[in-house]
Every structure is written in structure tokens, then in C-alpha cells.
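Just below is one structure, and these are the notes that go with it.
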Amino acid sequence: MKITFLCENSVQGGRGLLGEHGLSILVESEGRTLLFDTGQGLGLTSNARALGVDLSEIDEVVLSHGHYDHTGGLQALLEGAEGLRITAHPEVFSPKYSNRGGRPHYIGIPFSKEALEGWGAELRLVREPVEVIPGVFTTGEVPGERMDRDLLVKTPQGFDPDPLRDDLSLFAETPEGIVLILGCAHAGVVHIMEHVQGMVGRRPFALVVGGTHLGPLPGDRRREAIEGLKAFEIRAMGVAHCTGLENLPLLEEELEATVFPSFVGMRIEV
């Protein structure tokens with residue numbers, strides 16, 4: 001299995017790559033190709049071209065949740081593909097807002113369900129885990145308390161805390177352990193890891209990669225999450241996006257795992 005970062009907050013090297021506040025990860029397994037999220041739409045197509053990735057050959061798309069910085073590249077992606085299946089949670093199109101800055105502002109998917117279908121997308125909206133390419137599964141809906149009360153959903157009565165039931169991740173089993181690929185981990189990285197081990201057994205995590213959502217958490221909640229991570233056997237952790245690079249030294253200090261930053265153009269072979 002190969003993992004390639006097409007969109008991420010940071011870039012290393014001078015290869016004409018573009019960083020953005022967003023995430024998109026290409027996963028290749030047994031001759032099939034999956035795109036996990038699409039970034040916010042600024043760098044997906046140009047970064048793919050610079051990295052020699054043909055987006056028209058993607059077999060499946062999975063959306064980790066319905067925020068713009070993970071879904072904004074959908075239109076550009078669908079322009080070069082026909083009949084592309086998109087797997088997501090049924091609540092991915094809920095009207096999502098952020099209250100950061102003191103005033104609610106929209107941060108949901110920039111396109112309607114009807115627009116995506118009109119551009120040729122086949123939507124598979126399911127709460128349960130599904131195998132999306134050989135050996136790679138979605139977690140499905142993850143139970144547990146969500147951590148970010150600044151994230152809202154608009155209702156006829158006003159704004160309520162977003163339950164973020166649409167947050168899902170990808171995982172695969174390998175002889176060395178579980179490979180877990182996170183979008184933003186709004187369901188809580190510890191809850192997600194417990195959920196995956198509940199499905200496959202208490203195996204070590206060979207690799208955890210992606211956004212852990214540690215960055216937006218207040219200090220006490222961040223320390224609580226890191227304490228929870230110490231309960232797992234994690235061999236390598238590639239932090240990205242909403243983790244915050246400022247939290248990299250803390251993770252390196254607290255965890256026995258090999259911890260490293262992720263960036264646009266990084267390729268990992270499992």
C-alpha cells in the first residue's frame with residue numbers, strides 16, 4: 001500500500017507544489033486507487049500534476065467529513081472523471097458553521113448534493129464501515145463525545161453544536177499492525193483508535209497518519225488526548241493538517257512512536 005499527500009498545510013522542496021489549509025491523501029492498494037478528501041480546491045490538480053498523479057484514474061473517493069478544507073476540490077476532480085463514486089456519511093451535507101472569531105460562518109461543503117450528482121458523481125452515503133478498495137476500509141460512524149464546541153450546525157431554531165457524526169477515517173490491516181489514516185479526527189483520535197481495535201482486535205498500530213485535531217484543542221484537552229494515545233502501541237505517527245506543527249515536539253516527547261511531520265508530496269510505502 002502506498003500513501004501520497006496531495007494537499008496539506010505545508011510543503012517541503014521546490015517542485016512547484018502548493019500548500020493550503022486542507023488535506024487530500026492518495027491511497028494505492030492492489031492496483032486500485034482511492035482519494036481520501038480533496039483539500040479546499042487550491043492545490044489538488046496542480047499538485048497531482050507535479051507529482052505525476054493522474055486524477056482521472058482514481059477508482060473511489062472517500063470524504064472524511066463535510067468541511068470545505070476536505071471537500072473543496074470535488075468540482076475540479078469531477079471535471080476530469082466520469083461516474084466516480086464518493087463514499088461518505090449521510091450527514092456529510094449538513095449545514096456546518098464555525099463560531100471562531102465570534103460570529104458563525106459557513107465552513108461546510110461548497111457544493112450541493114445535486115451539484116455533485118450533476119457533475120457525474122455516484123454518492124454512496126452510509127453509516128456503516130465499508131471496504132472501499134482491496135484491504136482498505138472506512139471506520140463508519142465512530143461513537144463517542146466530540147471535542148470542539150466551536151463547530152456548529154444550523155437548524156431551523158438556530159445553531160447547535162455539531163455532533164460531527166459524519167467524521168470517519170480509513171484503516172487497513174497489515175502483518176506489522178493496523179494502518180490508520182485520519183482526516184481531522186473530529187470524533188477524537190483516541191475514540192477512533194478504540195473503535196478500530198474493537199473491529200479488528202487489539203493489535204498495534206503500525207502507522208497512524210493524518211489530522212489528529214490536537215491543534216484546536218485547549219491545553220487540558222490536548223494533554224488528555226495525548227495521555228490516551230499512550231495507551232496504544234503506536235510504531236509510527238505522521239502528523240498533518242489540524243495537528244499543528246507546534247505539537248510535534250510534545251508528541252515526540254510523550255510517545256514512544258517515531259513521530260514525523262507530513263507535507264505535500266510525501267510518499268509512504270507500507
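The values are calculated or read from the model by the stated rules, or taken from the named source; none is laboratory data. This is a predicted model, so every value here is computed, not measured. Using ideal geometry, Cβ is built from the backbone for each residue, glycine included, and neighbour counts are taken over all protein chains shown.
At-a-glance table
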quantity	calculated
Check on Leu245, of a type in the set (A, V, I, L, M), surrounded by fewer than 19 Cβ atoms within 10 Å (Cβ to Cβ) and either touching a residue at least 60 places away in the same chain (Cβ under 8 Å) or touching an Asp or Glu at 6+ places or on another chain (Cβ under 7 Å) (or both)	yes
Filter result for Gly83 (on the phi > 0 side of the Ramachandran plot and modelled with pLDDT under 95)	yes
Test: residue in the range 188-196 that is in a loop (DSSP other than H, G, I, E, B) and closer than 25 Å to Asp37 by Cα	yes
Residue that is surrounded by the fewest Cβ atoms within 10 Å (Cβ to Cβ), among those in the range 71-108 that are of a type in the set (Lys, Arg) and closer than 20 Å to Glu20 by Cβ	Arg100
In the range 232-261, the residues that are in contact with a helix residue (DSSP H, G or I) (Cβ under 8 Å, 6 or more places away or on another chain), at pLDDT 95 or above and part of a loop (DSSP other than H, G, I, E, B)	Phe232
Residue in the range 45-55 that is within 20 Å of Val270 (Cα to Cα), touching a residue at least 40 places away in the same chain (Cβ under 8 Å) and not basic (Lys, Arg) present	yes
Meets criteria (under 18 Å from Gly183 (Cβ atoms), basic (Lys, Arg) and either in a helix (DSSP H, G or I) or touching a strand residue (DSSP E or B) at 6+ places or on another chain (Cβ under 6 Å) (or both)) for Arg49	no
Residue in the range 209-224 that is out of contact with any helix residue (DSSP H, G or I) (no Cβ under 9 Å at 6 or more places or on another chain) and modelled with pLDDT of 95 or more present	yes
Lone unmet requirement of (1) out of contact with any Leu (no Cβ under 9 Å at 6 or more places or on another chain); (2) under 26 Å from Ala50 (Cα atoms) for Gln197	(2)
Failed item in (1) under 30 Å from Asp220 (Cα atoms); (2) in contact with a Gly (Cβ under 9 Å, 6 or more places away or on another chain), with Glu122 passing the rest	(1)
Some residue of the range 131-142 being over 26 Å from Phe232 (Cα atoms), out of contact with any strand residue (DSSP E or B) (no Cβ under 6 Å at 6 or more places or on another chain), in a loop (DSSP other than H, G, I, E, B) and not basic (Lys, Arg)	no
Residue check, Arg202 modelled with pLDDT under 95, assigned to a helix (DSSP H, G or I) and either small (Gly, Ala, Ser) or more than 30 Å from Arg49 (Cβ to Cβ) (or both)	no
Single residue of the range 81-129 satisfying the filter (in a helix (DSSP H, G or I) and of a type outside the set (Asp, Glu)) that is nearest to Arg165 (Cα to Cα)	Lys113
Residue that is nearest to Gly215 (Cα to Cα) [pool: residues in the range 9-51 that are surrounded by fewer than 24 Cβ atoms within 10 Å (Cβ to Cβ) and charged (D, E, K, R)]	Glu20
Extreme residue, surrounded by the fewest Cβ atoms within 10 Å (Cβ to Cβ), among residues of the range 157-183 that are of a type in the set (D, E, K, R) and within 20 Å of the chain's Cα centre (by Cα)	Glu173
